[in-house]
1. Using beta carbons and a limit of 8 Å, which pairs, at least six apart or on different chains, have the first residue in region 35-61 and among the polar types (S, T, N, Q) and the second one open to solvent by less than 50 Å² (accessible area, probe 1.4 Å) and in a strand (DSSP E or B)?
2. What strands (runs of 3 or more DSSP E) completely inside region 74-149 contain at least 3 residues that are farther than 18 Å from G41 by Cα?
3. Does G44 satisfy being within 21 Å of D90 (Cβ to Cβ), in contact with a strand residue (DSSP E or B) (Cβ under 6 Å, 6 or more places away or on another chain) and not aromatic (F, W, Y)?
4. Pairs only if they're at least six apart or on different chains, beta carbon under 7 angstrom, first in region 126-147 and closer than 22 Å to L93 by Cα, second of a type in the set (K, R) and open to solvent by 10 Å² or more (accessible area, probe 1.4 Å); list them, first residue then second.
5. When the residues of region 122-143 are filtered to those that are within 23 Å of A38 (Cβ to Cβ) and among the small types (G, A, S), which remaining residue is least open to solvent (accessible area, probe 1.4 Å)?
6. Determine if region 93-111 includes at least one residue that is open to solvent by less than 60 Å² (accessible area, probe 1.4 Å), among the hydroxyl-bearing types (S, T, Y), touching a Phe, Trp or Tyr at 6+ places or on another chain (Cβ under 7 Å) and within 14 Å of E146 (Cα to Cα).
7. Restricting region 16-73 to residues that are assigned to a loop (DSSP other than H, G, I, E, B) and open to solvent by less than 20 Å² (accessible area, probe 1.4 Å), which is nearest to V137 (Cα to Cα)?
8. Please specify each residue of region 15-51 satisfying the condition of being of a type in the set (A, V, I, L, M, F, W, C) and over 22 Å from V121 (Cα atoms).
Amino acid sequence: MTETVDSSLPSADIGLIKRMIPHRYPFLLIDKVVNMVADKGALGIKNVTVNEPYFEGHFPSKPIMPGVSIIESMAQTAAVLVVYSMNMTDRELSVYLLSVDNARFRQMVVPGDILYLPVSVIRGRGRIWKFSCEAKVEGKVVSSAEITAAWQLNEAGKET
């Protein structure tokens, strides 16, 4: 996945994202997901603003987006892709993080940056999915990781 937006491919705005994953403020860390190709990949977008709650303490004189928040942004993009791939919107599906491997942080992410989050499916069978993920700012990779996640239908989303 590249950071070029292809408007011919499906996308999810914030309203649709909220129908796909259970995260809410202050822990919903993506604003849009574009270029969704089922079972293949997607591109998450996060507009980093000084109003993020973690900047108050990380760090007051030089705000830097925490690495764990960058990883979570990647994971949320991957979760949206799982829900899209399985056609499970509005079904109370939760995607849980199982592991983060080979995480690397190469550059600080600061207020004003636009974080592009390309995720690609390495393996997507059954309940366990594995992704290759990056975070980019202005075309430069600022972070990367392999993320493994599992999905589960919540009680309310169970088929009857």
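1. N35/G41; N35/A42; N35/L43; N47/L115
2. Hits in region 74-149: 93-105.
3. Values: within 21 Å of D90 (Cβ to Cβ): yes; in contact with a strand residue (DSSP E or B) (Cβ under 6 Å, 6 or more places away or on another chain): yes; not aromatic (F, W, Y): yes.
Taking the combined requirement at face value, the residue satisfies it.
4. That search, which allows pairs on different chains as well, returns W129/R123; K130/R123; E146/K130.
5. A135
6. Checking region 93-111: not a single residue is open to solvent by less than 60 Å² (accessible area, probe 1.4 Å), among the hydroxyl-bearing types (S, T, Y), touching a Phe, Trp or Tyr at 6+ places or on another chain (Cβ under 7 Å) and within 14 Å of E146 (Cα to Cα).
7. Checked region 16-73; the qualifying residue nearest to V137 (Cα to Cα) is V48.
8. Those that are of a type in the set (A, V, I, L, M, F, W, C) and over 22 Å from V121 (Cα atoms): F27, V48, V50.
The values are calculated or read from the model by the stated rules, or taken from the named source; none is laboratory data. Computed from a prediction, not measured in an experiment: that's the story for all the values here. Glycine also receives a Cβ, built like all others from the backbone with ideal geometry; neighbour counts cover every protein chain displayed. These area figures cover heavy atoms from the full protein model, side chains too; ligands, DNA and RNA do not enter into them. Shrake-Rupley method; radii C 1.70, N 1.55, O 1.52, S 1.80 Å.
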